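Here the structure is laid out as structure tokens; the discussion comes afterwards.
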Amino acid sequence: MSKRPRVDPSSFASAPKRQYGAGGGYGEQQGYSEERSSAQRVADHYSARSNQTLEERESSPIIHLKKLNNWIKSVLIQLYARPGHCVLDLACGKGGDLIKWDKAKVGYYVGVDIAEGSIKDCMTRYNGDTDQQRRKKFSFPARLLCTDCYEARLDEYLYEDAPFDICSCQFALHYSWSTEARARQALANVSALLRPGGIFIGTMPDANVIIKRLRESEGLEFGNSVYWISFGEEYAEKKFPASRPFGIKYKFHLEDAVDCPEWVVPFHLFKLLAEEVFFCSLASTVTKCCLCLNRQKLLVTTHCF
Ligand SMILES: C[S@@+](CC[C@H](N)C(=O)[O-])C[C@H]1O[C@@H](n2cnc3c(N)ncnc32)[C@H](O)[C@@H]1O
């Protein structure tokens, strides 16, 4: 489905909306403040990361991983995006995929991220103001929104932009798994905003590999010279009851890239939840989604540990 541009590219996100806690905020219920601080820690971390120059990027200790990740995203986008498609990029970051979407000749782009600094960098990249920008302007109009994708009801903000033909959430869906409510909201947002037959593409760490590595290690930490993962004492027994699949937090450090809390996503449960949420939407709003999930082996083959 192609979409008429609703936003003049020249006026693109001149004042990106900052809507933390949109749709009612985090509220005062028990557990919300801890959750809020975790989400804020993630946002602060990504916000503080500055754009790298080409030279800095090429000399990064994880340059090959970055290239591999970009290749994975390129393949997904080329496989599923079609010319004229209306794109929703959840947790879009600094707009690292803008060029990929441009190559796919999409018609309209909406990027959402919790980190204000990333949204600003994304705007700069879109406007062609970075020294590593290969082209001046993108061919599609765009809109950026700064909010928590796993807390806010995005359909309340994007009703004029919906429905989307394709929704992407790359290397970020696992940040929704801190609570069941957030995981459900993430999927509900996707379901509510995709058109019938729309496509969702996503990439997340492989929980099986994380847990396997943890069990193989002597303590609660494992890694190598470029990354480490550390679990809290509450996981001293290295047991993860099926009855508590949400909120399994670990600290993730990846040299030159990430240093913040993340959450294990048992993939079979993710699929079950997605089927449930998408099916409910099918019944209530006649939204039908083709779920195309790609599990990136973030902590196995791609890193060659
Ligand atoms: C590893 S980066 C990936 C960025 C981008 N998708 C890419 O592939 O280049 C993870 C992104 O998720 C965003 N993020 C984490 N939690 C979020 C949330 N609750 N709502 C929106 N964005 C979130 C971070 O701000 C960060 O930009």
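Values quoted throughout were computed directly from the atomic coordinates according to the rules given, and no laboratory measurement underlies them. Computed from a prediction, not measured in an experiment: that's the story for all the values here. Note: ideal-geometry Cβ built from the backbone for every residue, glycine included; neighbour counts use all protein chains shown.
Could you run the Debye sum over the Cα atoms of the stretch 80-194, one equal point scatterer each and no solvent, and tell me log10 of I(q)/I(0) at q = 0.21, 0.22, 0.23 Å⁻¹, two decimals? Those come out to -1.16, -1.25, -1.34, one per q. Taking Cα centre as origin and charging only the Cβ of basic (Lys, Arg, +1) and acidic (Asp, Glu, -1) residues, the dipole magnitude of the stretch 207-264 rounds to 360 debye. If the chain linking residue 45 and residue 259 were pulled fully straight, counting 0.36 nm for each residue of separation and taking away their Cα-Cα distance, it would gain 76.3 nm.
The local environment of residue 42, defined by Cβ-Cβ distances under 15 Å, has a net charge of -2 under the rule Lys, Arg +1 and Asp, Glu -1. Using label points projected 7 Å from each Cα along Cα→Cβ, tell me how many nm separate residue 153 and residue 243, to one decimal. Distance between the two pseudo-spin positions: 3.3 nm. Annotation note: trypsin sites (Lys or Arg not before Pro) in the stretch 100-183 located in DSSP loop regions with a Cβ neighbour count of at most 16 within 10 Å are 105, 134, 135, 136, 137, 153.
The phi torsions of the stretch 207-221, fed into the Karplus equation with coefficients 6.51, -1.76 and 1.60 and a -60° offset, translate into couplings of 4, 4, 5, 4, 5, 4, 4, 4, 5, 6, 7, 6, x, 9, 9 Hz, rounded to whole numbers, with Gly and Pro shown as x.
In the stretch 144-158, which residues have a backbone nitrogen under 18 Å from the label point lying 7 Å from residue 34's Cα in the Cα-to-Cβ direction? Backbone N within reach: none found. Cα-based values for the stretch 207-264, radius of gyration first and Dmax second, are 11.2, 35 Å. Looking at the stretch 179-247, the GluC sites (Glu not before Pro) that sit in a DSSP loop and have at most 11 other Cβ atoms within 10 Å of their own Cβ are 218, 237. Scanning residues 5 or more positions from residue 85 or on other chains, those with amide H under 5 Å from its amide H are 107, with H placed 1.01 Å from N in the peptide plane.
Between residue 234 and residue 160, the modelled label-to-label distance comes to 4.2 nm, taking each label 7 Å out from Cα in the direction of the beta carbon. Exceedance of the 30 Å cut-off in Cα-Cα distance is limited, within the set 66/239; 120/251; 66/105, to 66/239.
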